[in-house]
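Student: Take this structure first; my questions come after.
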Amino acid sequence: MRLSQQRLERGGQLLGAVSYTFLVLAAFAQSRTLDPYPRGVVPVVLAIAGVLVVLLWVEVKRRPGGQLTGTVFFWFGLAVTLLHLPLIGLFRGQSDPPALIYFCLACMGYAAVAFPPAPGRVAVVGFSLFFGALRAMSVAPRDGVSDGAIMLIAGLGLVELVRVANAVAVDIDRSSRRSWQLKESLAGARRRAFERQRWNGLIHDKILGALLAATREPRIDENSTELAHQALDALGPGGWLPSTGDLSERIAAAASRIGLDLTIVIDGTEPSPLVADTLVEAVTEALTNVARHSGTRQAVVRGHVDPMMSKITVTDAGSGFATDRVRERRAGVRQGIVGRMESVGGTAKIDSRPGVGTRVTLVWEDAEVHATGPEWDIALMRPLLIIMSFATLEQVGVAWVFRDAVRNPGVWETALLACLVMTAVLVLVRRSRWPGVLAALAMVATPAVVTPLLPNPGSLDWQYWWGGGYATAVGVLCFRYRNGVGVAVMAAMMAVDAVVSAGSLPIAGLPWNYTLMTVVAIFASILRRTLDDAAIVLSRAAAREGRSRMQLIEDQARVEEADARRAELSTSASPLLQRIVAGGSLTDAERLGMERAEAEIRDQLVADLLVDADVRVATRRARDRGVRVELVARDEDAERFAAERLAGLAAGGAPE
C-alpha cells in the first residue's frame, strides 16, 4: 500500500505542477489585456507565483511526492484570492474574468487533490461559492451561478477521482500479491518439470549413450567408459548440479568435448541461472546431433541473451533431414531440445532440409517483458463522469436557450445535439475506437463551424459553450488512450478557435474558455499515468518479494526430484554403468541385458505417459520373444494408444 500511495502522491504533485504552470501563464496572458488591479499588484503576484512554479518543478525532479512547495503555493493563492474582496468594485461590469482570479482555481484544485475527501469537498464548495459570488457581483447573477456551478462540478469531480485512484491502488496491491501467491503455488511444479527435463537430458546424453556405445562394439571403448563415468558421477550424492561459468565458455567447452570446430558469437547479459542452464543444455544437445548425424564437424552458434529475452541459433551446413519425418522415438530432439526449452517457458524451432543443413532456433522471453499498464475500465471515472455530465448539460442548456440569438439556429442546434450524442457514445461504447475518432473530429470541427455564428464573438460567455460542453469527452479520451489523444484534440480545438476567432477574440482569452476542459484533461491523463505506473511498480514489488519465496520452493522441488530420479536409476542403470566402467568385452548375456535396459529406459524417456506396470511387463515379454518394440507417446491420444499397445502385445503381434 505504501508504494501505491507514493505513486499517487507523485501523480498529485505532477498534476499540481502542470496546473499551476498553466494557470500562471493564463493569468499573465489575461493581464496583458485586462488589468483592473491597483498599479504593481499583478507584476508582484505573478513574479512570486513564477518563482513558486520553478521551485515546484525542481521539487518534482528532486523530491518526487513532496508537498512543501505545493502547500506554500496553496496558501499564497488563497491570500491572492481573498485579495479580491476589498477590490470587488474594480471588477463591476467586466464580462471577462480578472487575471488573478485564476489563483482561486489553483487553490481549489490543490484542495481537491491534496486534502482528504471530506475536507476536500468542503474546500471545493467554499471556493466555488466565493468564485460564483464574485462573478455575480461583477457581471450578473446568472453568470455567477453558471461559473460557480462549473467550478463546483469540476472540483467535486477531482475529489471523487482521487478517492477512486486510492481505492484502485489498494486493489492493484492486493491483486499483485494474489497473483504471486498463485505463482508460488506453481513454482514447485515448474521446477520439478525443469528438473525432469534436465534428468531426461542426462539419461539420453550419458546413460543411453553409454549403453548404446558399449553394445555396438566388440569391446567397450573409451567413449563408452567416459559417458558411463559421467553418468555415475551425476547419479552420486550432489551430482548433476547446475554448471557455473560464462555461457559462451560452457558451450565452447561442450563443443570441444564433442569434437566440433565451433564458431560462437553470443553477446548480452546472461539471464537467470535456470534459463542459462537450459540454454546451454539445449545448445549442447543440438551440437551433439550435429556431431552424430550431420556429417560435418563444423557448427556456428550465434545469439543475444539478457534477463528479459534470449535467442540463440545453432547452424550447420551438414546433410540435413526432413523434419516431418523425424521419428517420435528421437528423444534427443523431443526431450533434449524442445522439452528443455518448454520447461522454462521457451520455444525451440528446427529448420532443416536434406542436403542443405540444419538451423535450431532457441527463444526464451520473460513473461513480464511486455509489462504495461492494464486496460482500465472507463467505469473507474464514473464519479467524474456523473458530475461532468451536469457541466456538459449546463453548458449545452444555456447555449440552447440563446439559440435564437445566433445567425443560423439550425446549425447551432445541430452542433449542440452532436456534443451530447458524441459524449454519450464515447462514454457508453467501450470496446471500439470509432467513437473516439468520431468524437475527436466533431470536437475539432465545432469551433470552425460555430464561431462564425456568434452574435458577439468578443464576449466570453454562453457563446463559447464547447469549452465546457466537451470537457467530459476530453476526459474520457485522456483516460482511455494513453498516447495523448485527448490532449492533442484539445490543443487542436484551441488552435482552430484561435484561427477562426482572430481579430474578434483576444488570444489571451482562449485559456479561460478551456479552463474546465484543461483541468479535466490534465487530471484524467495524470490519473491514467499514475494508475499505469502504480500497477507496474506494485507488480514488480510483489515479484521481488515472491521470487525469494519461490526460490526456496524451487530448491526444495529440485532436491526432491533429483532424489527420486537417482533412486530410480540407481537400480536400473547403475550396475550396468559400473560394468561399462570396468571395461573389457561384454558377454552375450551382458550385451542382451544392456540392450533391454536401454530399450526400457528409452521407453520411460519418450513415452512416460504410457509406461505403467502393465505396459512394462507386456513390452518385456514381447522383447523376450524377439519382438522389436518401440513406444511412442503423443499427448492427445496417449490413453487410446496405450490400450491398443497392450492389446497388440498380449496377442503376440509385431507392433512398431
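Student: Could you tell me whether LEU416 is open to solvent by 50 Å² or more (accessible area, probe 1.4 Å) and hydrophobic (A, V, I, L, M, F, W, C)?
Tutor: No; evaluated as a whole, the condition is false for this residue.
Student: Within the range 89-111, count every residue that is open to solvent by less than 30 Å² (accessible area, probe 1.4 Å) and over 19 Å from VAL53 (Cα atoms).
Tutor: 3
Student: Could you grab me the full set of residues in the range 579-614 that are modelled with pLDDT under 80, open to solvent by 20 Å² or more (accessible area, probe 1.4 Å) and part of a loop (DSSP other than H, G, I, E, B)?
Tutor: ASP608, LEU609, VAL611, ASP612 - these are the residues of the range 579-614 that are modelled with pLDDT under 80, open to solvent by 20 Å² or more (accessible area, probe 1.4 Å) and part of a loop (DSSP other than H, G, I, E, B).
Student: GLY50: surrounded by fewer than 16 Cβ atoms within 10 Å (Cβ to Cβ), within 21 Å of ALA29 (Cα to Cα) and at pLDDT 80 or above, yes or no?
Tutor: yes
Student: Quick one: count up the residues across the range 460-470 that are part of a helix (DSSP H, G or I) and modelled with pLDDT of 85 or more.
Tutor: 2
Student: Give me the pairs, please: first residue somewhere in the range 135-159 and among the basic types (Lys, Arg), second residue anywhere and in a loop (DSSP other than H, G, I, E, B), beta-carbon distance under 9 Å, and either six or more positions apart or on two chains.
Tutor: If the second residue must be in a loop (DSSP other than H, G, I, E, B), the pairs left are ARG135/PRO97.
Student: Another question about this same structure. Can you pull out every residue in the range 206-224 that is open to solvent by less than 30 Å² (accessible area, probe 1.4 Å) and either part of a helix (DSSP H, G or I) or modelled with pLDDT under 80 (or both)?
Tutor: If the condition is that a residue be open to solvent by less than 30 Å² (accessible area, probe 1.4 Å) and either part of a helix (DSSP H, G or I) or modelled with pLDDT under 80 (or both), then ILE207, LEU208, GLY209, ALA210, LEU211, ALA213, ALA214, THR215, SER224 are the ones that fit.
Student: If you don't mind, there's one more thing I want to ask. Out of the residues in the range 131-143 that are open to solvent by 40 Å² or more (accessible area, probe 1.4 Å) and not in a loop (DSSP other than H, G, I, E, B), state the one that is modelled with the highest pLDDT.
Tutor: Among those residues, the one meeting the criterion is ALA133.
Student: Is the range 240-260 home to any residue that is modelled with pLDDT under 80, surrounded by 13 or more Cβ atoms within 10 Å (Cβ to Cβ) and on the phi > 0 side of the Ramachandran plot?
Tutor: yes
Student: Right, next: Search the range 410-436 for residues that are modelled with pLDDT under 85 and pair each with any residue that is aromatic (Phe, Trp, Tyr) when their beta-carbon atoms are under 8 Å apart and the residues are at least 6 apart or on different chains.
Tutor: GLY436/TYR481
The values are calculated or read from the model by the stated rules, or taken from the named source; none is laboratory data. The model shown is predicted, which means the values in this text are computed figures rather than measured ones. Glycine also receives a Cβ, built like all others from the backbone with ideal geometry; neighbour counts cover every protein chain displayed. Side chains included, ligands, DNA and RNA excluded: accessible areas come from the protein's heavy atoms. Shrake-Rupley method; radii C 1.70, N 1.55, O 1.52, S 1.80 Å.
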